[in-house]
Amino acid sequence: MERVISVALEGVSKTFHRGGEEVCALDGVTLAVPAGQFCVVMGPSGSGKSTLLHLVAGIDAPTAGRVRVDGRDLATLSDDERTLMRRRRIGLVFQFFNLLPTLSALENASLPLQLDGVRRAEAERRARASLVELGLAERLEHRPHQLSGGQMQRVAIARALVSAPALLLADEPTGNLDSHSGEDVLRLLRETATARGHTVLMVTHDEHAARIGDRIVRLQDGRIVSDLSTARSASA
């Protein structure tokens with residue numbers, strides 16, 4: 001696995017124009033996530049937490065301020081360089097899985113590697129190992145409609161981990177799951193983060209889900225209102 005990486009937001013603001021009105025999603029946010037930390041960003045709908053995650057992923061750009069990943073200001077990177085960073089160093093997990101419906105679990109999980117030029121046989125070998133590690137050995141050839149919500153999210157996590165990323169970004173990873181499946185997914189995220197040493201930035205509105213982190217940062221109306229270490233962090 002590559003060296004783990006840090007994340008830093010420096011005075012970051014993000015505004016959108018919606019129906020002729022200017023909406024401030026983030027307002028002067030400064031946040032440093034050291035390498036290897038599992039940081040959870042909490043807040044209600046509209047607080048800016050998903051916007052924050054998209055900025056760290058380089059999917060969107062701030063209106064003001066800087067976003068640094070591994071010390072590099074994302075604004076100084078070209079579109080191609082940001083794409084390569086996402087593909088090779090960042091794993092992304094979404095609430096709605098974002099699996100391709102016509103592909104099997106194995107094909108979905110191996111896709112990032114194939115897009116990066118890895119030969120199909122090697123990509124599928126690595127994807128198979130990732131899926132088996134997450135308990136999906138019997139579901140490799142199943143398509144998304146043949147899987148439960150929890151199994152689909154496991155495939156999505158396997159896809160995020162297949163490139164051995166240094167940074168894992170998770171956007172409401174349990175938001176579309178029942179409580180039992182959600183517990184399984186949280187356990188997997190925590191276990192893989194601990195075993196592999198990822199830096200993790202997860203956003204959620206769920207108080208229970210937030211407890212798996214080392215640190216909980218709370219957003220309200222685009223601003224940080226609290227930043228606390230968890231009991232897990234204190235006992236580590």
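The values are calculated or read from the model by the stated rules, or taken from the named source; none is laboratory data. For clarity, every value in this text was computed on a predicted model and none was experimentally measured. Cβ: placed from backbone, ideal geometry, glycine included. Neighbour counts: every protein chain shown. Accessible surface is based on the protein model in full, side chains and every heavy atom, while ligands, DNA and RNA are left aside. Shrake-Rupley method; radii C 1.70, N 1.55, O 1.52, S 1.80 Å.
Identify all residues within region 39-75 that are more than 18 Å from Gly175 (Cβ to Cβ) and touching a His at 6+ places or on another chain (Cβ under 9 Å); write none if there are none.
Of everything in region 39-75, just one residue is more than 18 Å from Gly175 (Cβ to Cβ) and touching a His at 6+ places or on another chain (Cβ under 9 Å), namely Asp60.
Of everything in region 1-55 that's charged (D, E, K, R) and in contact (Cβ under 8 Å) with a residue 12 or more places away in the chain, which residue is surrounded by the fewest Cβ atoms within 10 Å (Cβ to Cβ)? Reasoning before the result, please.
Kept after step one, since they are charged (D, E, K, R), are these residues of region 1-55: 2-3, 10, 14, 18, 21-22, 27, 49.
Next cut, in contact (Cβ under 8 Å) with a residue 12 or more places away in the chain only: 2-3, 10, 14, 27, 49.
On the way: Glu2: 12, Arg3: 9, Glu10: 16, Lys14: 22, Asp27: 17, Lys49: 27.
It comes out as Arg3.
The conditions are (1) open to solvent by 40 Å² or more (accessible area, probe 1.4 Å); (2) more than 20 Å from the chain's Cα centre (by Cα); (3) not small (Gly, Ala, Ser), and Leu136 fails exactly one of them. Which is it?
(1)
Yes or no: region 76-86 includes at least one residue that is without any contact (Cβ under 8 Å) to a residue 40 or more places away in the chain and assigned to a loop (DSSP other than H, G, I, E, B). Break it down into steps so the answer makes sense when it comes.
Taking region 76-86 and keeping what is without any contact (Cβ under 8 Å) to a residue 40 or more places away in the chain, we get 76-86.
So of that shortlist, the ones also assigned to a loop (DSSP other than H, G, I, E, B) come out as 77-78.
Looking through region 76-86, at least one residue is without any contact (Cβ under 8 Å) to a residue 40 or more places away in the chain and assigned to a loop (DSSP other than H, G, I, E, B).
One line per residue, one yes/no per condition, for (1) open to solvent by less than 50 Å² (accessible area, probe 1.4 Å); (2) under 22 Å from Ala195 (Cβ atoms):
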| position | (1), (2) |
| --- | --- |
| Ala57 | yes, no |
| Val67 | yes, no |
| Arg87 | no, no |
| Pro101 | no, no |
| Ser104 | yes, no |
| Val118 | yes, no |
| Glu124 | yes, no |
| Val132 | no, yes |
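Does region 165-177 hold any residues that are closer than 28 Å to Gly46 by Cβ and modelled with pLDDT of 85 or more, and which are they? So that I can check it myself, show each step before the final result.
Kept after step one, since they are closer than 28 Å to Gly46 by Cβ, are these residues of region 165-177: 167-177.
Across region 165-177, the qualifying residues are Leu167, Leu168, Leu169, Ala170, Asp171, Glu172, Pro173, Thr174.
Considering only residues of region 191-203 that are at pLDDT 90 or above and out of contact with any Asp or Glu (no Cβ under 7 Å at 6 or more places or on another chain), which is surrounded by the fewest Cβ atoms within 10 Å (Cβ to Cβ)? Step through it out loud before you land on a result.
Restricting attention to region 191-203, the residues satisfying the condition of being at pLDDT 90 or above are 199-203.
The next check asks that each one be out of contact with any Asp or Glu (no Cβ under 7 Å at 6 or more places or on another chain); those that pass are 199-202.
On the way: Thr199: 24, Val200: 27, Leu201: 26, Met202: 26.
Of everything passing the filter in region 191-203, Thr199 is surrounded by the fewest Cβ atoms within 10 Å (Cβ to Cβ).
What's the total number of residues in region 37-82 that are among the hydroxyl-bearing types (Ser, Thr, Tyr) and touching a strand residue (DSSP E or B) at 6+ places or on another chain (Cβ under 8 Å)?
Within region 37-82, the first condition is being among the hydroxyl-bearing types (Ser, Thr, Tyr), and the residues that meet it are 45, 47, 50-51, 63, 76, 78.
Pick out the ones that are also touching a strand residue (DSSP E or B) at 6+ places or on another chain (Cβ under 8 Å) and you get 47, 50-51, 63.
Here the count works out to 4.
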